[in-house]
Amino acid sequence: MDIPGKELGAFLASRRAKITPQQAGLPTFGGNRRVPGLRREELALLAGVSVEYLTRVERGSADGVSDSVLDALSRALQLDEAETSHLSDLARATRSGTREPRRRVQSQVRPSIQRILDSMGTTPAFVRNGRLDLVAINPLGRALYAPAFDDPVRPANLARFCFLSPRAGELYPNWDDAADTSVALLRTEAGRDPHNKALSALVGELSTRSREFATRWARHDVRLHSTGVKRFTHPVVGELALAFDAMELPAERGLTLTAYSAEPGTPAEEKLRLLASWSATVDQAETTPVNDRA
């Protein structure tokens, strides 16, 4: 990952490029524009700051940038909630003398959290950290994400699986959306924790080994990923459309619990039952001593 000041400037420039003068409510007078998005002077006008001031900010100097200025930039650029929060995170990390302690990337959960996961017998569920390591998972969740555990590296990592495993394209029928989401979540975490060496190492690895990742990383997109629908093509039960809900664990800083569910009475609900049955059969076979097998 780049230094925070450079990240701040790159993020602002990427958001300027995404909004046209018409979308921003500015008059257009025809003629050729060298850039499709807002010019720096147009953003300065909309945000009520000088061009010189905005230039300093885009060059990575956030000293003296108040919350009111950040709010004005967010409104002018029509940022969504995730983008607004990311801008704030980048500005805070860039300000001199405000380096915060590194967020610890946890690799395990308390036993009580694992017990909660295991009690969710009909619901695939897992706990991940900000760099998308699966730090805990229940049996049905492991069955759903079985291809992600082919890689012997532990903890299993959803971003590494998405971009480096050929099986990701099989599990995710809409691979592009899964890839976009993975990178946006890593970008969001990088804003929260820009000095995280483990996250930097993962981003460096994926940028080197995957052009698809590097291209998406350069877009500076961020995203909140709290609820929605995810589609799978599972090697055992076939296509599944599952609702997901992601909840941060207040007592476990940086950890998020994600659970999947199916609409009652749908084929997905029946397939989850089949997947649970298959998972139980596999688990039993793996734990039965060889001499006891027929």
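The values are calculated or read from the model by the stated rules, or taken from the named source; none is laboratory data. Quick caveat, the model's predicted, so the values are computed rather than measured. Note that each Cβ is placed from the backbone with ideal geometry, even for glycine, and that neighbours are counted across all protein chains shown.
Conditions tested, residue by residue: (1) buried (at least 18 other Cβ atoms within 10 Å of the Cβ); (2) touching a strand residue (DSSP E or B) at 6+ places or on another chain (Cβ under 9 Å); (3) among the basic types (Lys, Arg).
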position: ILE113; (1), (2), (3): yes, yes, no
position: ILE116; (1), (2), (3): no, yes, no
position: MET120; (1), (2), (3): no, yes, no
position: LEU140; (1), (2), (3): yes, yes, no
position: TYR145; (1), (2), (3): yes, yes, no
position: VAL153; (1), (2), (3): no, no, no
position: ALA156; (1), (2), (3): yes, yes, no
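Looking across LYS197, LYS271, one residue alone is touching a residue at least 12 places away in the same chain (Cβ under 8 Å) and loosely packed, with under 12 Cβ neighbours inside 10 Å. It is LYS197.
Quick check, is ARG154 at pLDDT 95 or above, among the basic types (Lys, Arg) and either assigned by TED's automatic domain parsing to the domain that holds ARG231 or in contact with a helix residue (DSSP H, G or I) (Cβ under 9 Å, 6 or more places away or on another chain) (or both)? Step through it out loud before you land on a result.
Details: at pLDDT 95 or above: no; among the basic types (Lys, Arg): yes; either assigned by TED's automatic domain parsing to the domain that holds ARG231 or in contact with a helix residue (DSSP H, G or I) (Cβ under 9 Å, 6 or more places away or on another chain) (or both): yes.
No, not satisfied.
Is it the case, given these coordinates, that LEU224 is farther than 14 Å from PHE11 by Cβ, crowded, with 16+ Cβ neighbours inside 10 Å and under 14 Å from the mean Cα position of the chain (by Cα)? No; evaluated as a whole, the condition is false for this residue. Would you say ARG104 is out of contact with any helix residue (DSSP H, G or I) (no Cβ under 8 Å at 6 or more places or on another chain) and at pLDDT 90 or above? Taking the combined requirement at face value, the residue does not satisfy it. Of everything in region 254-280, what is outside any loop (DSSP other than H, G, I, E, B) and polar (S, T, N, Q)? Give them in sequence order. Passing the criteria: THR256, THR258, SER261, SER277, SER279.
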